[in-house]
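The values are calculated or read from the model by the stated rules, or taken from the named source; none is laboratory data. Here the structure is a predicted model, which is why all the values come from computation and not from measurement. Here Cβ is always computed from backbone atoms with ideal geometry, including for glycine, and neighbour counts include all displayed protein chains. Ligands, DNA and RNA are excluded from the accessible area calculation, which covers all protein heavy atoms including side chains. Shrake-Rupley method; radii C 1.70, N 1.55, O 1.52, S 1.80 Å.
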Amino acid sequence: MRTDYCGNLKKADLGRQVTICGWVHRRRDHGGLIFIDLRDVSGLVQIVFDPERSGEVHTTGHSLRSEDVLKIEGKVDARSPETVNPKLATGEVEIDVTAIEIFNRSETPPFSVEDSTEVDDNLRLKYRYIDLRREGVAANFKLRHQVSRAAREFLDNNGFTEVETPVLTKSTPEGARDFLVPSRLQPKKFYALPQSPQLFKQLLMVSGLDRYYQFAHAFRDEDLRADRQPEHTQVDMEMSFMTAAGIMDLLENLFQDVFEEVLGAKLGKPFPKMTYDEAILRYGSDKPDLRSGLPTIEA
């Protein structure tokens, strides 16, 4: 059983016996000593196979290849000053391996898991389970989790109730075509997948729930664009007895809180505001990208 994570080891753990499970990320054979970067969900740590301490374990280390899955036991040691890696969170320590168990041998991967390697998108998607091991891709999942957690905490502190609305429902007129799901129990009848929970939001407000939110799946059967796909997740909110200024103030506070909590960045208030007419006149769009710095000016 794993008792520790690669990326959590620090100098404070020196001398401690640890048990870690992970994947072989990178291997370096220096003749006698074998160095391996072991990877798990938390990051990387260097492990060392020393023939003078355990000949059998060292022999096993010779056979390890990229993406082999294993469990190791060993003692946390300090790296020598000249081998410290400041780019790695665990760059000041390494694990002297005393026992090893190989869970699974890997075939040669179709591409390197290292983020610096350029890989064709078709190949990445074909071997998606390997692509998801790459640090940059995995970081996106962690970032989304952190943003969702911070947003939920903010909304909870501001009196919102999270409600899950049905996915199989009646078709309602919206901006795109519906995805339809045939009903087995009612021949020639269909459910529609929601483009948004609009009908349910209104129902909740009429019922007196007051403040509702949901991380809702939305489905829209329309042509693909650069910023559009058949399904997406959106944060839906509904509030009773609110003014436009109150909604804008709440959302400014939400974004401030999320950016500071997740990224440590402080956003200034109030956010810049413009009317619809001003946006269309100056940028030709109701969702202008202000980074362009090229507004339309009438001569």
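Quick one: how many residues across region 276-295 are in contact with a helix residue (DSSP H, G or I) (Cβ under 9 Å, 6 or more places away or on another chain) and either charged (D, E, K, R) or exposed (fewer than 13 other Cβ atoms within 10 Å of the Cβ) (or both)?
Looking only at region 276-295, we keep the residues that are in contact with a helix residue (DSSP H, G or I) (Cβ under 9 Å, 6 or more places away or on another chain), and these are 283, 285-290, 292, 294-295.
Next, only the ones that are either charged (D, E, K, R) or exposed (fewer than 13 other Cβ atoms within 10 Å of the Cβ) (or both) stay: 285-287, 289-290, 292, 294.
Residues flagged as in contact with a helix residue (DSSP H, G or I) (Cβ under 9 Å, 6 or more places away or on another chain) and either charged (D, E, K, R) or exposed (fewer than 13 other Cβ atoms within 10 Å of the Cβ) (or both) within region 276-295 amount to 7.
Among the residues of region 10-20, are any at pLDDT 90 or above, assigned to a strand (DSSP E or B) and in contact with a Phe, Trp or Tyr (Cβ under 6 Å, 6 or more places away or on another chain)?
Checked against the condition, which is being at pLDDT 90 or above, assigned to a strand (DSSP E or B) and in contact with a Phe, Trp or Tyr (Cβ under 6 Å, 6 or more places away or on another chain), region 10-20 yields no hits at all.
Could you list, in sequence order, all residues of region 163-202 that are out of contact with any strand residue (DSSP E or B) (no Cβ under 6 Å at 6 or more places or on another chain) and under 20 Å from SER240 (Cβ atoms)?
GLU164, THR165, GLN198, LEU199, PHE200, GLN202
Can you tell me which residue in region 49-68 is nearest to the chain's Cα centre (by Cα), limited to those that are on the phi < 0 side of the Ramachandran plot and open to solvent by less than 10 Å² (accessible area, probe 1.4 Å)? Before you say what the answer is, go through the steps one by one.
Of all residues in region 49-68, those on the phi < 0 side of the Ramachandran plot come to 49-66, 68.
Add one more test, that the residue is open to solvent by less than 10 Å² (accessible area, probe 1.4 Å), and what stays is 49, 61, 64, 68.
Numbers: PHE49: 33, GLY61: 33, LEU64: 30, ASP68: 24 Å.
My answer is ASP68.
Of the residues LEU250, LEU294, LEU290, only one is over 16 Å from VAL147 (Cβ atoms) and at pLDDT 95 or above; which?
Selected residue: LEU250, the only one of LEU250, LEU294, LEU290 that is over 16 Å from VAL147 (Cβ atoms) and at pLDDT 95 or above.
Pick from region 204-218 the residues that are assigned to a strand (DSSP E or B) and open to solvent by 30 Å² or more (accessible area, probe 1.4 Å): which of them is farthest from LEU180 (Cα to Cα)?
ARG211
Can you report the number of residues in region 68-119 which are among the β-branched types (Val, Ile, Thr), assigned to a loop (DSSP other than H, G, I, E, B) and touching an Asp or Glu at 6+ places or on another chain (Cβ under 6 Å)?
1
Kindly establish whether THR117 is of a type in the set (S, T, N, Q), open to solvent by less than 60 Å² (accessible area, probe 1.4 Å) and within 21 Å of LEU44 (Cα to Cα).
Details: of a type in the set (S, T, N, Q): yes; open to solvent by less than 60 Å² (accessible area, probe 1.4 Å): yes; within 21 Å of LEU44 (Cα to Cα): yes.
So THR117 passes the test.
Across region 235-262, what is the number of residues that are under 17 Å from PHE154 (Cβ atoms) and surrounded by fewer than 12 Cβ atoms within 10 Å (Cβ to Cβ)?
Total satisfying the criteria: 1.
Starting from region 134-149, take each residue that is open to solvent by 60 Å² or more (accessible area, probe 1.4 Å) and list its partners that are assigned to a helix (DSSP H, G or I) and at pLDDT below 95, counting only C-beta distances under 6 angstrom and pairs at least six apart or across chains.
Partner pairs satisfying both residue conditions: none exist.
Being part of a loop (DSSP other than H, G, I, E, B), open to solvent by 50 Å² or more (accessible area, probe 1.4 Å), at pLDDT 90 or above and more than 16 Å from MET237 (Cβ to Cβ) narrows it down to one residue among PRO187, PRO173; which is it?
PRO187
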